[in-house]
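Colleague: Quick one: this structure, given as structure tokens, is what I'll be asking you about.
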Amino acid sequence: MKTSVKKIDANKRELAVEVTGEIVKNKFDEVYAHMTNEVKVAGFRPGKVPRNILEKQHSALANERVLNELLPVLCDDALKNEKIDAVQISQIKDVELRSDFLSFKATLEVKPQIQLKDYKGMKLEYKKIVVTDEELNKAKDQIKEAKKAQNIDDNLARSLGYVNAQELEDFLRHNIYVQKDTQQHNNLEAKIVESLLKDVQFELPKSMVERQLKDLAYHTKVDLSMRGVTKEQIEAEDENIQKRLEPEAQKQVRIYLILEEIAKRENIPVDNSMPRKVMEFLLSQANWVEKA
């Protein structure tokens, strides 16, 4: 296999592939072997149609099958050979096929090269989480209001599934703590994202943005539908929905590609859990500073 790559723009490449000999010849043999059992030719029983008759009458079908089976495999092999991380193959062109020869060109969209600044040791300011009496009393007041009770006693606590009033208070205190802890954690992750995005510029692959935008738009439309908005109203707003969500789609793709680049540098597997694992890594490497 011969391969070469031509750069078209920041995220687009043209991959040229040429193969000769046994790879193509064997694929034709395989295709015609299947066709002799499938294709009906007058005067011949199934499985007994000579190869030369098949080639004369059904060469177009054979060529189509050979290309359908070989092109994906050869594209994958060529991408590995050239060490190209392709996002999408947008076009196959200039295909030339003979009995022992195949060449073609593929237009690719590739992931950008990302120049990262130092992502370890980010300064993260956090506050020690404390549940105040005011916050606890507010939670108690909400229960008293909902239950139309003047006090929270053991009977009220038991009606809510707790042994006594103290256990209910312990639950409320813990619940407030978890809420504040979760909020602070989310804020710290948002600061990490903000820091990663700052001063890192690269051109986004259009197909990735389009896919993310399509996903965001779909969930937005489902949400609108569940809130009672009619199908006709949603369709009428489609263009505005797309326009409104595009910046967010771009941001999500940008941060994903940055996290993916960190994952590759830190030998973190790039799978569905990659974003979470990279964020955990960045939190573990951060410079945590307690705010007064």
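Colleague: So in the stretch 127-164, with the set limited to residues that are in contact (Cβ under 8 Å) with a residue 40 or more places away in the chain and not in a loop (DSSP other than H, G, I, E, B), which one is surrounded by the fewest Cβ atoms within 10 Å (Cβ to Cβ)?
Modeller: Here the residue is Leu136.
Colleague: All but one of (1) crowded, with 16+ Cβ neighbours inside 10 Å; (2) modelled with pLDDT of 95 or more; (3) not aliphatic (A, V, I, L, M) hold for Pro205, so report the exception by its number.
Modeller: All conditions are met except number (2).
Colleague: When you look at Gln242, is it assigned to a helix (DSSP H, G or I), loosely packed, with under 13 Cβ neighbours inside 10 Å and of a type in the set (S, T, N, Q), yes or no? Steps first, please.
Modeller: Numbers: assigned to a helix (DSSP H, G or I): yes; loosely packed, with under 13 Cβ neighbours inside 10 Å: no; of a type in the set (S, T, N, Q): yes.
The answer is no for Gln242.
Colleague: Considering only the stretch 91-122, state which residues are under 23 Å from Ala10 (Cα atoms), in a loop (DSSP other than H, G, I, E, B) and under 23 Å from the mean Cα position of the chain (by Cα).
Modeller: Lys111, Pro112, Gln113, Ile114, Gln115, Leu116
Colleague: Exactly one condition in (1) in contact with an Asp or Glu (Cβ under 8 Å, 6 or more places away or on another chain); (2) exposed (fewer than 12 other Cβ atoms within 10 Å of the Cβ) is not met by Lys198; state its number.
Modeller: Tallying (1) in contact with an Asp or Glu (Cβ under 8 Å, 6 or more places away or on another chain); (2) exposed (fewer than 12 other Cβ atoms within 10 Å of the Cβ), Lys198 fails exactly one: (1).
Colleague: Here's a follow-up. I'd like to know if the stretch 17-34 contains one or more residues that are free of Cβ contacts under 8 Å to residues at least 60 places away in the same chain, crowded, with 18+ Cβ neighbours inside 10 Å and either closer than 22 Å to Lys2 by Cα or not assigned by TED's automatic domain parsing to the domain that holds Asp85 (or both).
Modeller: Yes: the stretch 17-34 contains one or more residues that are free of Cβ contacts under 8 Å to residues at least 60 places away in the same chain, crowded, with 18+ Cβ neighbours inside 10 Å and either closer than 22 Å to Lys2 by Cα or not assigned by TED's automatic domain parsing to the domain that holds Asp85 (or both).
The values are calculated or read from the model by the stated rules, or taken from the named source; none is laboratory data. As the structure is a computational prediction, the values presented were derived from the model and not from experiment. Backbone-built Cβ (ideal geometry, glycine too); neighbour counts: all protein chains shown.
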